[in-house]
Amino acid sequence: MACLFAVSAAAGGLMLQRQAGHHAPVAAWDYTDPPNTHPLTSTGPILPLPRDIVHAKDGIAAFPNGMTVRLAAIGKDNARDPDHFWTLAGGLVEEDLSPVPTYEKDAPPPTDGRIRQVVLELKNPPAFPSIPYNAYVPDSARSGLTWQEKEFHGWDAQPGAYLGSQGGQIRLRLYIDDPTADHLLFGVPNGPWKTIGSGVNTVTAPPFLHRDLIKGPWGSVTITQIPTITASTKSILGGYPVVFATIQATPALEGDELRLRAFDASGMEVPTSCLRNVATISESSLAKIARFEVESRPYVYAEFEGVHYDPDPKQWADIAWGETQPELSAEVGQVPVKVLAIAHTRSGDREWNKEQYVVDKLYTVEGKLWRDAPDWMTQGGFPKREFPTPNSEARLLPPPMSVILNIGKEGEEKPQIKLRIIPSDSSKPGEGLHPEWNKWTQYWLKDPYGGLVGAPPRVFLPVAPTPEARFFQIEIEAAKGAFSKSMEVKPNVAEVRTDRSQTSDYTLEVGKTVHAHFWLPNGVPVDRELDPSSLAGRQTRVFARLKSGERKLLKVTSYRRTAADPELRPSYDFDRNPGIPLGLSNYIPLVEVDAFEIESRPIEKQTLVVSIPGR
């Protein structure tokens, strides 16, 4: 029986195109966005582009001050899983998005608009620990909006994003109204504060609301709100009555950062707080202020073009989602075998796993990149010392892969089975085999945690194929049916030889063929080799039939070397026995043995063929 799943061709070149509102969801997490429920009062024109712009190339922009900004990823507002983010071009993110949480589940989708997270990576910031920024989507940014409106319609600005001395990642949160938007502007300060306007304070007593403090060709400063002092706002506002004065600048200045400064009659500065172009002034201070100044600090903006604010379905066609995926199955000798996935590995990058190969990418048996796979498939690792050192002679360019299988059934006895994985250039079982393409093969197996195949019956079988290989042919052997007596051998006590270590060797012979070799420490027979030509291709076990009539199982042995398969080698610590020992007899003096009974049963063989993903 042979099965084949071909690897789908890789996606073609990236295509940057404007999106037409609703897109075809690429997975269950890619929900349909709700409409924006926040009112938009301004019908002003689209903002002109800022004066100072640097254009990003390949998603990276270099600022005049030496800082670089890279658009690393985009995700929906509720996304927490890094697999649910995409690149600027709408494709799959292949990098670590730290500090985006890795194992946290996505939050519930928002209900008030089309909201996106944009992950930016900043390097060499001009100042730290924090840097102010403005970010907005220019496709739909209108002039005349208050900051309360801006944050619900395409803007995100912070007085200080905390970074290290070398930089770090920040996440923008943007409401994107225009379904065809494909630009992003990200700005940071680029120069000192400069006074752009000043005037005498004309508002010193109530009523305050909607009165202009000063006006000029640059714009105006208007009292737009008088917040009520409550228990929750008292600590923020200081417990004193305050007013909020909004700086409304001309469109040409909306890309700059603005602030309001106040002075009394003597020229002393009166403390105010200004954030996002809104100044907070206490009513008692307002009465003392004689003059205001409005200052502007220019920003330089990085322009990112071709931004996909939704994933591009064409680039996600060869990706599988969810914990349940197709399997490659067979039943060999009444033992169910399932090929679940193939993993590409990489060198560990943490202190605790740097001497291991760990899972990097996981593929289904259909060749699709597997996202949202069960956590147990991506955990653990393989010690590097068990693999040859990559070199040109061995052509071991890539790190090993791992074939992940389920063998046997939960709760049942550990199955006896042999697996052998041979790289091949053919999809036909038994053809195009190249054992020399695999510089490290494990014929029997342990799981990464040290136990034999059993409960749960999951196996990580590492393989190191050379780049020429295109398929894995997985040869499976398992015994089938009941044991039956094949032969009987009488012991010859005269052949027992004792050396100075008080151990003895005893050889059973069937004709001229060595049938079994026993090592007898203190009289305990232990089977070491079993290679009778008459039992080739069968599983065997040996009983000692005592003169008292009692039968005792010495050891179950299996899968011996044969003339047709001489290159087989045992694995791990079973260096003297390719079979799996299931137990030893009790102390049995050889003189009490009447005969050794050898039972056998047939071995069934099958081959499963799977394409090597990513090739």
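The values are calculated or read from the model by the stated rules, or taken from the named source; none is laboratory data. What you see is a predicted model, and the numbers here were worked out from it, not measured in a lab. For neighbour counting, all protein chains shown are included, and Cβ atoms are generated from backbone atoms with ideal geometry for every residue, glycine included. Side chains included, ligands, DNA and RNA excluded: accessible areas come from the protein's heavy atoms. Shrake-Rupley method; radii C 1.70, N 1.55, O 1.52, S 1.80 Å.
Return the residue satisfying two criteria in turn: it lies in region 143-187 and is farther than 24 Å from T224 by Cβ, not polar (S, T, N, Q) and not in a strand (DSSP E or B), and of such residues it is most open to solvent (accessible area, probe 1.4 Å).
Per the criteria, the residue is P179.
Pick from region 286-299 the residues that are open to solvent by 10 Å² or more (accessible area, probe 1.4 Å) and assigned to a loop (DSSP other than H, G, I, E, B): which of them is modelled with the highest pLDDT?
Result: A290.
Of the residues K368, K384, only one is within 23 Å of S329 (Cβ to Cβ) and of a type in the set (D, E, K, R); which?
K368
For region 160-183, enumerate the residues that are without any contact (Cβ under 8 Å) to a residue 60 or more places away in the chain and among the polar types (S, T, N, Q).
S165, Q166
In region 322-335, how many residues are at pLDDT below 90 and either open to solvent by less than 50 Å² (accessible area, probe 1.4 Å) or farther than 24 Å from V609 by Cβ (or both)?
Residues that pass the stated criteria total 5.
Are any of the residues in region 301-309 acidic (D, E) and closer than 30 Å to E410 by Cβ?
Among the residues of region 301-309, not one is acidic (D, E) and closer than 30 Å to E410 by Cβ, which makes the answer no.
If only one of E351, E283, E269 is surrounded by 15 or more Cβ atoms within 10 Å (Cβ to Cβ), farther than 30 Å from D33 by Cα and among the acidic types (D, E), which one is it?
E283
For residues in region 45-89 being under 29 Å from A252 (Cα atoms) and of a type in the set (D, E, K, R), which is farthest from the chain's Cα centre (by Cα)?
R51
Please find, among A455, A482, A469, the residue that is in a loop (DSSP other than H, G, I, E, B), within 27 Å of V335 (Cα to Cα) and modelled with pLDDT of 80 or more.
On the way: A455 fails: modelled with pLDDT of 80 or more; A469 fails: within 27 Å of V335 (Cα to Cα).
The unique qualifying residue is A482.
Return only the number of the condition from (1) farther than 13 Å from L405 by Cα; (2) surrounded by fewer than 22 Cβ atoms within 10 Å (Cβ to Cβ) that K338 does not satisfy.
K338 satisfies every listed condition except (1).
Residue-by-condition table, conditions (1) outside the structural domain of T204 (by the TED database); (2) assigned to a loop (DSSP other than H, G, I, E, B); (3) at negative phi:
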position	(1), (2), (3)
A265	no, yes, yes
V307	yes, yes, yes
S329	yes, no, yes
V337	yes, no, yes
V359	yes, no, yes
E366	yes, yes, yes
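Quick test for you: out of P374, P398, pick the one residue that is at pLDDT below 90, open to solvent by 20 Å² or more (accessible area, probe 1.4 Å) and farther than 30 Å from R601 by Cα.
When all the criteria are applied, what remains is P398.
Does L163 fit the bill of being of a type in the set (A, V, I, L, M, F, W, C), modelled with pLDDT under 85 and touching a Ser or Thr at 6+ places or on another chain (Cβ under 9 Å)?
The answer is yes for L163.
Tell me which of these T224 doesn't satisfy, since it passes every other one: (1) at pLDDT below 80; (2) surrounded by 15 or more Cβ atoms within 10 Å (Cβ to Cβ); (3) assigned to a loop (DSSP other than H, G, I, E, B).
(3)
Pick from region 249-263 the residues that are at pLDDT below 85 and either part of a strand (DSSP E or B) or open to solvent by 50 Å² or more (accessible area, probe 1.4 Å) (or both): which of them is nearest to D156 (Cα to Cα)?
E257
Residue under question is I319, and the condition is that it be in contact with a strand residue (DSSP E or B) (Cβ under 9 Å, 6 or more places away or on another chain) and either hydrophobic (A, V, I, L, M, F, W, C) or at pLDDT below 85 (or both); does it hold?
It is true that I319 is in contact with a strand residue (DSSP E or B) (Cβ under 9 Å, 6 or more places away or on another chain) and either hydrophobic (A, V, I, L, M, F, W, C) or at pLDDT below 85 (or both).
With the checklist (1) in contact (Cβ under 8 Å) with a residue 24 or more places away in the chain; (2) over 16 Å from M401 (Cβ atoms); (3) open to solvent by 10 Å² or more (accessible area, probe 1.4 Å) in hand, flag the one item A302 doesn't pass.
So the condition that A302 fails would be (3).
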